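See structure below.
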Amino acid sequence: MSKVLEEVLAANANYAKSFGDKANLPMPPGRHFAVLTCMDARLDLAKYAGLAEGDAHVIRNAGGRASDDAIRSFVISYKLLGTSEWFVIHHTNCGMEFFSDEVMRGLLASSLETAALDASGFRDVGKGPGSAEGDFIDWLTIKDNAKSVVADVRRIRNHPLVPSRIPIYGYIYDVKTGKLVEVPEATEAGRAK
Ligand SMILES: [Zn+2]
């Protein structure tokens, strides 16, 4: 068994021991909100936003981008499970700022091994072959944090399946301080009507 697998299963066995009343949590989020954020390993909403089991929906992907699939989750979140306030939270030093579609496609075309990151960006160090399938994916990279939050809040706000009564708040999490910093233009764009 791999070390990680062993550790995860041991931690889970320990967690389940004191599971207690959490067995009775209802499915709809108790605090009626949902968050879209990046998968970055440094972001832990249970810690930085005070979430406990049963509190909120957390939708995560690379960059915390408002992809079609993120919107699918938001729609289920309000339509079937009653959330009524949403957050879009991107963060400083996001990996999505360090490449472009072109770069990612080039890297994948030459090798499926993990690339190396140095001062000049990502470069392939592994062997080929790669695959051209990367050409068919929009990697939703980020050039400017604040702009990406605004763009994503706008996309969600303007989606025909998203009701105008739901406010959408736009924030950037600072990985150097642990603080949430508002992006006023995003929150303004996401205002409920
Ligand atoms: Zn990120």
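The values are calculated or read from the model by the stated rules, or taken from the named source; none is laboratory data. Just so you know, these numbers come straight off a predicted model, no measurement behind them. In this analysis, Cβ positions are derived from the backbone assuming ideal geometry, glycine residues included, and neighbour counts consider all displayed protein chains.
Worth a mention:
- Look at region 141-161: where a residue is touching a residue at least 60 places away in the same chain (Cβ under 8 Å) and a partner is surrounded by fewer than 19 Cβ atoms within 10 Å (Cβ to Cβ) and small (Gly, Ala, Ser), sitting 6+ places away or on another chain with Cβ atoms under 8 Å, you get Thr141/Ser100.
- Residues of region 145-191 satisfying the condition of being surrounded by fewer than 20 Cβ atoms within 10 Å (Cβ to Cβ), acidic (Asp, Glu) and within 20 Å of Asp40 (Cβ to Cβ): Asp174, Glu182
- Screening Gly54 with (1) surrounded by fewer than 20 Cβ atoms within 10 Å (Cβ to Cβ); (2) more than 10 Å from the ligand (Cβ to nearest atom); (3) part of a strand (DSSP E or B) gives one miss only, at (3).
- Selection status of Met104, more than 21 Å from Gly170 (Cβ to Cβ), more than 14 Å from the ligand (Cβ to nearest atom) and crowded, with 17+ Cβ neighbours inside 10 Å: yes
- Residues of region 148-178 satisfying the condition of being within 16 Å of the chain's Cα centre (by Cα) and charged (D, E, K, R): Asp152, Arg155, Asp174
This table checks each residue for (1) surrounded by 10 or more Cβ atoms within 10 Å (Cβ to Cβ); (2) hydroxyl-bearing (Ser, Thr, Tyr).
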| position | (1), (2) |
| --- | --- |
| Met1 | no, no |
| Asp21 | no, no |
| Leu25 | yes, no |
| His32 | yes, no |
| Val35 | yes, no |
| Asp40 | yes, no |
| Leu45 | yes, no |
| Ser67 | yes, yes |
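Residues are listed down the side, and each one gets a yes or a no for (1) out of contact with any Phe, Trp or Tyr (no Cβ under 6 Å at 6 or more places or on another chain); (2) modelled with pLDDT under 95; (3) outside any helix (DSSP H, G or I); (4) within 29 Å of Lys176 (Cα to Cα):
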position	(1), (2), (3), (4)
Glu7	yes, no, no, yes
Ala13	yes, no, no, no
Pro26	yes, no, yes, no
Ala41	yes, no, yes, yes
Ile59	yes, no, yes, yes
Gly63	yes, no, yes, yes
Ala70	yes, no, no, yes
